[in-house]
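A.B. asks: I'd like to ask you about the structure that follows.
The values are calculated or read from the model by the stated rules, or taken from the named source; none is laboratory data. Quick caveat: nothing in here was measured; it's all calculated off a predicted structure. Neighbour counts are summed over all protein chains in view; Cβ atoms, including those assigned to glycine, are modelled from backbone coordinates with ideal geometry. What goes into the accessible areas is simple: the full protein's heavy atoms, side chains included, and nothing from ligands, DNA or RNA. Shrake-Rupley method; radii C 1.70, N 1.55, O 1.52, S 1.80 Å.
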Amino acid sequence: MILELNLMNAILVKDERDDLMVIKLTQEKLDLLSQTENAMYLNGLYKLIVTHSPALREDPELLQRLKDADDFVKTYRFNDKKVMTDFLINSAYEPYFYKHYAVSQWLLKGSESVECEYIKYQQIKEHLMGRVAGGAL
């Protein structure tokens with residue numbers, strides 16, 4: 001398990017006995033490790049989504065949508081892993097929602113970071129859905 005990555009191209013890892021080790025890697029190896037870790041994350045998320053929503057297993061674009069959404073959160077430097085995962089899951093159920101004009105304008109032209117604007121968007125959406133479900137509208 002990787003615990004820390006620093007600017008000296010070294011990673012701090014724990015082995016199966018929980019002993020700490022430092023491994024020095026080239027930048028190319030670090031990039032490959034990062035790409036592999038990201039691919040594993042996306043594939044794991046894909047499997048989780050299709051397990052809970054088997055109909056999405058038939059969607060040939062699902063994994064690509066997750067990759068595109070992942071590129072978006074990286075481009076706009078989302079920091080919170082839970083928010084990033086929520087964004088990707090939302091993209092699975094609402095394909096390319098963040099590319100629709102109104103949502104895109106909200107996210108990209110807001111007064112705060114794109115991540116903060118997404119959080120606000122989700123909070124308002126959830127509030128409205130709760131009101132609709134509760135019959136308040």
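A.B. asks: Identify, please: which residue in the range 49-91 is among the aliphatic types (A, V, I, L, M) and closer than 21 Å to Gly110 by Cα and is, among those, surrounded by the fewest Cβ atoms within 10 Å (Cβ to Cβ)?
C.D. replies: Val83
A.B. asks: Considering only the range 56-137, give the helices (runs of 4 or more DSSP H) lying wholly within it that have at least 1 residues that are under 13 Å from the mean Cα position of the chain (by Cα) and of a type outside the set (A, V, I, L, M, F, W, C).
C.D. replies: In the range 56-137, the matching helices (runs of 4 or more DSSP H) lie at 62-75, 81-93, 114-134.
A.B. asks: In this structure, does Gln35 turn out to be open to solvent by 90 Å² or more (accessible area, probe 1.4 Å) and modelled with pLDDT of 95 or more?
C.D. replies: So Gln35 does not fit the description; no.
A.B. asks: Okay, moving on. In the range 42-55, which residues are hydroxyl-bearing (Ser, Thr, Tyr) and either part of a loop (DSSP other than H, G, I, E, B) or free of Cβ contacts under 8 Å to residues at least 12 places away in the same chain (or both)?
C.D. replies: Thr51, Ser53
A.B. asks: Report, by residue number, each residue of the range 18-32 that is without any contact (Cβ under 8 Å) to a residue 24 or more places away in the chain and open to solvent by less than 60 Å² (accessible area, probe 1.4 Å).
C.D. replies: Residue satisfying the conditions is Leu25 alone.
A.B. asks: Filter the range 109-133 down to residues that are in contact (Cβ under 8 Å) with a residue 12 or more places away in the chain and hydrophobic (A, V, I, L, M, F, W, C) and give me whichever is farthest from Asp71 (Cα to Cα).
C.D. replies: Checking each candidate, the answer is Ile119.
A.B. asks: Taking the conditions exactly as written (in contact (Cβ under 8 Å) with a residue 24 or more places away in the chain, aliphatic (A, V, I, L, M) and touching a helix residue (DSSP H, G or I) at 6+ places or on another chain (Cβ under 6 Å)), does Leu63 satisfy them or not?
C.D. replies: No, not satisfied.
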